[in-house]
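The block underneath contains the structure these notes are about, expressed in structure tokens.
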Amino acid sequence: MKNFALVFCLGVALAAAGCGAGDGSIGEVAKPSASRPTAGSSPPTSPQPSRPTTKPAACNGCFPGITYSGFVKLVKSKGFVCKVDRILGTECAKGLLELHIETDYKLKNQISNIDVTGRATGKGDYARGPSDAFARLQAGLPGVLPMFIADPAVRQQIIVFAAKNTGHPATGPAAVRDAKAGGFRISCQGVHGFTVRKNGRSASSYSTSVDIYGPSAY
């Protein structure tokens, strides 16, 4: 019987990787280390960092980085008084410097274009009216452009273009002058003016503006 038990133990040892030590029990098969992958399993992978997603533009032709409600709030904080017209858009004025704001026809909280206008009024025909309106626009642009255009180089391009193209009379086919700066479309039409006469008295008003449209594909 002892020989049989010995033979039996040796047989089990060959099949099960050895007999138990000391108490005659059969030892357990060694388990694979947790640090080593078992056959057929995939090695552990480290988590991949998430990639930031780029937020698409709100609409083609909208001003990036601003909303209508936020811009109007900012403009009012700078001393402008704003009036809203459902057809004409929003007019904000500070003295004789004006901003005309129009929104996208679908996304009403996105701005499609902003016109910056300099005005001048005086008695009679007011011969200095055109030059005064031009000077007021040029003086106002450096203060208002940073509110809706972030790039200082683009702002400077607009100021230079307005200086060259807003002082001429708004008459004839060559009155409208267009350009692009950093994707923004710019348009100037020259100086507009009119005189009102009543009861032997008269007064004149002049204005000139630069119209700025949000970046677009065209």
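With the biggest extent put first, the Cα atoms of segment 78-153 measure 44, 33, 20 Å across the principal axes. Charge tally around residue 181: other residues with Cβ under 14 Å, Lys/Arg +1 each, Asp/Glu -1 each, net +2. Residue 151 exposes around 80 Å² of accessible area when a 1.4 Å probe is run over every protein chain in place.
For the residue pairs 94/123; 123/198; 78/123; 73/94, the C-alpha atoms sit more than 18 angstrom apart in 94/123; 78/123.
The values are calculated or read from the model by the stated rules, or taken from the named source; none is laboratory data. For clarity, every value in this text was computed on a predicted model and none was experimentally measured. In this analysis, Cβ positions are derived from the backbone assuming ideal geometry, glycine residues included, and neighbour counts consider all displayed protein chains. Ligands, DNA and RNA are excluded from the accessible area calculation, which covers all protein heavy atoms including side chains. Shrake-Rupley method; radii C 1.70, N 1.55, O 1.52, S 1.80 Å.
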